[in-house]
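J.: I am attaching a structure below and will ask some questions about it afterwards.
The values are calculated or read from the model by the stated rules, or taken from the named source; none is laboratory data. If you're wondering where the values come from, they're calculated on a predicted model, not measured in any experiment. Ideal geometry is used to build each Cβ from the backbone, glycine not excepted, and the neighbour counts take in all protein chains shown. For the accessible areas, the whole protein counts, side chains as well, though only heavy atoms, and no ligand, DNA or RNA atoms are used. Shrake-Rupley method; radii C 1.70, N 1.55, O 1.52, S 1.80 Å.
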Amino acid sequence: MLRVLTYNVRRCLGADGRLAPERIAAVIAACRPDVVALQELDVGRARSGGIDQAEVIAGHLGMRSHFHPAMRVREELYGDAILTSLPSRLVRANGLPGRDGCEPRGALWVAVTAGDAEVQVVTTHFGLGRHERRAQAEALLGPAFLGDPACRDPVVLLGDFNALPGSHVHRRLAARLPDAHGKRVWMRPTFPARLPLLRIDHVFVSRGVAVRQVSPLGGRLARVASDHLPLVADLDLAPALGPRISVPREEPA
């Protein structure tokens, strides 16, 4: 089994106004994931004390980080990361199409060795505009990422897509990699963390991967650490049977 987690950490700024990478690490550590995808990380930015948030969180977890800066302002970086303690290698990290005046976006592809399998893990953080997201989804489906022949099964795509289930972008991505939630119409949302109303964070998996369970990680700490809840999925990379999906109850506060 491989446990993956995606989490928009909002530069580790909690609902209480405190910058606390160690708190983000504690939320993640509570469910012991094998692979962690993080969005909205600061590296070397004055507003967050100049630290490398990806490295700090990885250090707390005993993991190695692969970071991609979607945005650069001189020496200050902002972007996404994949963390894991498993053997891993960076395959590709590129920007995605955007619009003038909008926050730059990117995607990160890391190959992770889990047992006998090499898993292609891709994470991203799409934009806020509908047309922007559509262009970013097409780029992600293209030859640089999911359309690359090297991006072969098993594949896991996860991140903050700023897109609801059933939206154009969600349908386009799910046609290539089914949503780990399956065909369930209602699943617990991930945003905003204190009173979740929207499911905009997603995990997509290739058809040879069986989903044991998928659920937001609740609890008091997760509700204050960021403005998103982490989304966790347990995956079978070489299942003997067809996919099976269950949704555990939210952890008590």
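J.: Add -39500 (n - 2.57) for each DSSP H run of 4 or more in the chain, then divide by its residues: what number comes out at 222 nm, to the nearest 500 deg cm²/dmol? Don't jump to the answer; show the numbers that get you there.
T.: Working: 5 runs with 45 residues, N = 253.
Theoretical 222 nm ellipticity from helices: -5000 deg cm²/dmol.
J.: Would you please state which residues of segment 25-49 a label at residue 213 would reach in this model, taking the label point 7 Å out along Cα→Cβ and a backbone N cut-off of under 15 Å?
T.: Residues 30-34 fall inside that zone.
J.: Considering the chain as a Gaussian network with a 10 Å cut-off on Cα pairs, which listed residue, 203, 91, 73, attains the greatest mean-square fluctuation?
T.: Among 203, 91, 73, the largest GNM mean-square fluctuation belongs to 73.
J.: Students often get this wrong: which residues of segment 187-215 have the backbone nitrogen under 16 Å from the point 7 angstrom along Cα-to-C-beta of residue 171?
T.: Once the point is set 7 Å along Cα→Cβ of residue 171, nothing inside segment 187-215 turns out to lie under 16 Å by backbone N.
J.: So, R0 is 30 Å and r is the distance between the beta-carbons of residue 75 and residue 150; what FRET efficiency does that work out to, to 0.05? If you can, show how the numbers build up before the last one.
T.: Numbers: r = 32 Å, r/R0 = 1.08.
Computed FRET efficiency for residue 75 and residue 150 comes out at 0.40.
J.: GNM, the chain, Cα, under 10 Å: largest mean-square fluctuation among 50, 166, 101?
T.: Greatest mean-square fluctuation among the candidates belongs to 101.
J.: Shifting gears a bit: With the chain treated as a Gaussian network of Cα nodes joined by springs under 10 Å, which of 81, 150, 93 yields the largest mean-square fluctuation?
T.: Maximum among the listed residues: 150.
J.: For segment 1-83, just list the percent of Cα-Cα distances falling in each 10 Å bin from zero outward, please.
T.: All Cα pairs considered, the percentages come to 19, 56, 23, 3, 0.
J.: Largest first, how would 132, 138, 75, 118 line up by accessible area (1.4 Å probe)? Mind dumping the intermediate values first?
T.: On the way: 132 10, 138 85, 75 155, 118 60 Å².
Result of the area sort, largest leading: 75, 138, 118, 132.
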